[in-house]
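**Student:** Pasting a structure here, questions to come.
The values are calculated or read from the model by the stated rules, or taken from the named source; none is laboratory data. In this text the structure is predicted, and so the values were computed from the model without any measurement. The area values use the complete protein model at the heavy-atom level, side chains included, leaving out ligands, DNA and RNA. Shrake-Rupley method; radii C 1.70, N 1.55, O 1.52, S 1.80 Å.
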Amino acid sequence: MKYSKLVTIALAAMIVTSCKVPTNVSYFQDLKNGQVNTITSQAGIKLKEGDKISIVVKSKNNDISNMLNLPVATQVVGYTGDRTNRGMSGYTIDRNGDIDFPMAGKLHIAGLSREEVAEFIKKTIEEKALANKDVVVTVEFLNLHFSVLGEVGRPGEYSFGQDRVTLPEALAQAGDLTLYGMRDSVYVLRTEDGKQTTHVVSMLDAREMLNSPAYYLQQNDVVYVVPNDYRKRQSKVNGNTFQSTSFWISISSVLISLVSLLHRL
């Protein structure tokens, strides 16, 4: 009877421990109602070598607009005449950080934001008297993206639709973390000047996240959500989980060992 009670207590303790509610699932656990936190990093997207952008110049004078915009002519398949489809081409920043802009020549735009590029080109057009001051310049990203991998709902590559994308926004686009993702260790891999920097961010601590250099993503960033121990065990053949045979064999072995030990006492 004594042994039976001890075994029952041990088994109950194991069950209670296994049913313990995890405390590392909810995001931003340090936040309180009305709390205000300052975002230390205000960095948006700064253009660099290899980035591709579209630049559209609009003026009341159509001839000026056509002259300053870079057209692309594509032959219509199956048509032998001069008919073409016209669209706007993109500019790829070269290794020196420059683009070759119509009528203005080489312009250095690496290190500038999208808004700063638009202002710079507008100013250049006005200074060179290429158009009247009614000109409007619009700059859009073409190939800028970030990647989200690991324990998220929709891993993949995502484009920047705006100048600033935060880490929570990126995870939301990727379908949020699964229940198997580690909330306290989200990796952001960033490549700059030929070097890769790793930032580890905890989604449990809002203040830590807001102060991280990786709070605002940059082009080509890779976000990786680490799988938790439960998911790692599932990766094994017949992993050691509650649903697996090996788990219950292990439990049985522990109980048998415990009974044998108590019997010897």
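**Student:** What length, rounded to one decimal in nm, is gained on full extension from V200 through to K52, with 0.36 nm per residue of separation minus their alpha-carbon distance?
**Tutor:** Contour length minus the Cα-Cα distance gives 50.4 nm.
**Student:** Leaving ligands, DNA and RNA out of it, rank K195, K128, K133 by accessible area with a 1.4 Å probe, largest first.
**Tutor:** Listed by decreasing accessible area, they come as K133, K195, K128.
**Student:** Ignoring ligands, DNA and RNA, how do I53, I39 rank by accessible area with a 1.4 Å probe, largest first?
**Tutor:** Most to least solvent-accessible, the answer reads I39, I53.
**Student:** Ordering L142, L68, L112 from largest to smallest accessible area (1.4 angstrom probe), what's the sequence?
**Tutor:** L142, L112, L68
**Student:** Subtracting the Cα-Cα distance from 0.36 nm times the residue separation, let me have the gained length for A172 to N62 in nm, one decimal.
**Tutor:** That works out to 35.4 nm of additional length.
**Student:** Which of the aspartates and glutamates could be linked to K106 by a straight reach, that is with a Cα gap under 12 Å, when you skip same-chain ones fewer than 8 residues away?
**Tutor:** Excluding near neighbours in sequence, the set is D94, D98.
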